[in-house]
Amino acid sequence: MESAWFHGRLVNICYEFHQLSTNGLDKKQIIQQLNHDYRLFSKKEAFTCVCCGKPVEMVLPLDRSVHFRHKDGSECSYSENYRKYKKQKEKYENIKRHELGKTILRTLLEGQLKPYGITVQDGYHYKGTLSFIPDFILTFPNQEKIWAIDYFTGFKGSKGYATHIAKRKETYQSQGIRPFFLVDEVWLAFNPKVSAYTTFVESELHIIEKRPQDIDWNLFLLDLDPHLLDLLLQQPSKYEPFDTRSIVYVNPEDRTCKILRFLMTNQRHAFVLTTPLEISLEQALSITPDMETFQLYSHEENKQMVLLKEELLAKYYQILAEEERKLKEKSLFEEKHRSEAEERLQEAIYEHIQTMEERIKEWGQASTNNKIRSQEEMDEDLSRRFKALNSSYMKRKAELLIQSARQHILQHHTVNTYPEPSDMTTEEKVAMKK
Ligand SMILES: [Zn+2]
């Protein structure tokens, strides 16, 4: 047992131990100090059991936690619950972290709940034996409600630990006790730099909750423009219907609390909707006005939603701008490519026209058979060139160009077939015609 009555006040020996420890004393020095302060009182039976009133004695071992025990070695519900509690904590928790955190949580809970007439007591002080002893039992005025608070520090992925937490929850609920599970921040695995997802161990799956603010997040998702939703979730259909869940991680030493809101993907991974919302532990452990739950939400959540939407919108506009830039680049490239091809075509046609001119010059002297053969060769050459053109637009353009060139040359040829008494070259004649 941690506590005992002493001259009308409750002495919690573990609390005193931690007080001395924060003053810089080591375990040996603390035990010396406690011995100095209380040993004689303990011998004279000044300490009595909180539950049954029998005398208890102070036990200060070097290798285990300090505690009280019945002087006659008997058991009452407190001593039995306490023994069970200690055994469970030693088996599953990081004792040092748990004890320190529990001390801080107690102070905060008492400060926040006393004004409402809610009593905060150690779980093992519960009148009646429990199979699972919570860290704290909160009793509402007139015993109308009982809540249990557990602080988990032992990071364990084992099946046994998960079963332990699940059974604990089930037992509380079967006894009409509402459980609140606070998980130490050492369990929080989330790093947006490497992943937008978090991963849970099986134990955490029993701690995940559905809180009123989770429904607000569902509405936020439903209200989001489909383009933005695609950006946020990649494959929104995978998560439909949206069912936001949350988990709370506490850091008693820093007096902070982080709330994670997420959509489960499969059994153990979840897409985290927003960076963990940090609130003070004081706020987290204060009660809502309707006294139905703790204020495990951030006042910044609506702001966070607006910010997230703005972020997504900015990202979306950036993507649109990028697409437009690429399209522009593509059309510029195509235009350049086309004008280059046109240039090449012009050259080819010019070359072709020159060949045609030369052939036509030869025609003058050629026989009819040869004229036909030359014409066939030229057509063949043309069709070969056309085949090389890969655009129908270019083909049509080339056809028209060559047609007009051929017409021009044939006209010129007609002139040439009735030779004038002249030695002028074709170029000279063309120049003259102009
Ligand atoms: Zn007792």
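The values are calculated or read from the model by the stated rules, or taken from the named source; none is laboratory data. Treat the numbers as computed from the prediction; the structure is a model and nothing was measured. Reconstructed Cβ throughout: ideal geometry from the backbone, glycine too, with neighbour counts over all protein chains shown.
A few remarks follow.
- Members of the range 37-64 found to be in a loop (DSSP other than H, G, I, E, B) and within 12 Å of the ligand (Cβ to nearest atom), listed by number: 49, 50, 51, 52, 53, 54
- Of the numbered criteria (1) farther than 18 Å from residue 4 by Cα; (2) among the polar types (S, T, N, Q); (3) free of Cβ contacts under 8 Å to residues at least 40 places away in the same chain, the one residue 153 fails is (3).
- Summed over the range 119-132, the residues that are surrounded by 20 or more Cβ atoms within 10 Å (Cβ to Cβ) and either small (Gly, Ala, Ser) or part of a loop (DSSP other than H, G, I, E, B) (or both) give a count of 4.
The rows are residues; the columns are (1) more than 28 Å from residue 41 (Cα to Cα); (2) more than 14 Å from the ligand (Cβ to nearest atom).
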position: 71; (1), (2): no, no
position: 74; (1), (2): no, no
position: 78; (1), (2): no, no
position: 83; (1), (2): no, no
position: 88; (1), (2): yes, yes
position: 93; (1), (2): yes, yes
position: 97; (1), (2): yes, yes
position: 100; (1), (2): no, yes
position: 109; (1), (2): yes, yes
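- Taking each residue of the range 13-35 that is under 23 Å from residue 48 (Cα atoms) and without any contact (Cβ under 8 Å) to a residue 40 or more places away in the chain and looking for partners that are among the β-branched types (Val, Ile, Thr) and assigned to a loop (DSSP other than H, G, I, E, B) with beta-carbon atoms closer than 9 Å, six or more apart or interchain, yields 16/66; 30/66; 31/66; 34/66.
- Test: residue 155 is closer than 27 Å to residue 243 by Cβ and modelled with pLDDT under 90: yes
- With respect to (1) within 16 Å of the ligand (Cβ to nearest atom); (2) touching a helix residue (DSSP H, G or I) at 6+ places or on another chain (Cβ under 7 Å), the lone exception for residue 117 is condition (1).
- The residue list 74, 21, 79 contains one member that is hydroxyl-bearing (Ser, Thr, Tyr) and in contact with a strand residue (DSSP E or B) (Cβ under 8 Å, 6 or more places away or on another chain), which is 79.
- If you check 162, 148 for being away from the ligand (no atom under 16 Å from the Cβ), outside the structural domain of residue 50 (by TED's automatic domain parsing), among the hydrophobic types (A, V, I, L, M, F, W, C) and modelled with pLDDT of 95 or more, only one passes: 148.
- For the range 102-118, the criterion of being in the same structural domain as residue 254 (by TED's automatic domain parsing), crowded, with 21+ Cβ neighbours inside 10 Å and farther than 23 Å from residue 280 by Cβ is met by none of the residues.
- Within the range 51-75, residues that are under 21 Å from residue 127 (Cβ atoms) sit with their Cβ atoms under 9 Å from residues that are surrounded by fewer than 14 Cβ atoms within 10 Å (Cβ to Cβ), at 6+ positions apart or across chains, in these pairs: 51/127; 52/74; 54/72; 54/74; 55/45; 55/72; 56/45; 67/61.
- Residues that are among the basic types (Lys, Arg) number at least 1 in the following strands (runs of 3 or more DSSP E) confined to the range 140-225: 177-184.
- Selected residue [touching a residue at least 24 places away in the same chain (Cβ under 8 Å), buried (at least 16 other Cβ atoms within 10 Å of the Cβ) and touching a Ser or Thr at 6+ places or on another chain (Cβ under 6 Å)] from 261, 168: 261
- Scope the range 1-36; condition outside any strand (DSSP E or B) and within 16 Å of the ligand (Cβ to nearest atom); matching residues: 1, 2, 13
- Restricting attention to the range 120-159, the residues that are over 38 Å from the mean Cα position of the chain (by Cα) and of a type outside the set (Lys, Arg) add up to 10.
- Just one of (1) touching a Pro at 6+ places or on another chain (Cβ under 8 Å); (2) at pLDDT 95 or above; (3) not hydrophobic (A, V, I, L, M, F, W, C) fails for residue 297. It is (2).
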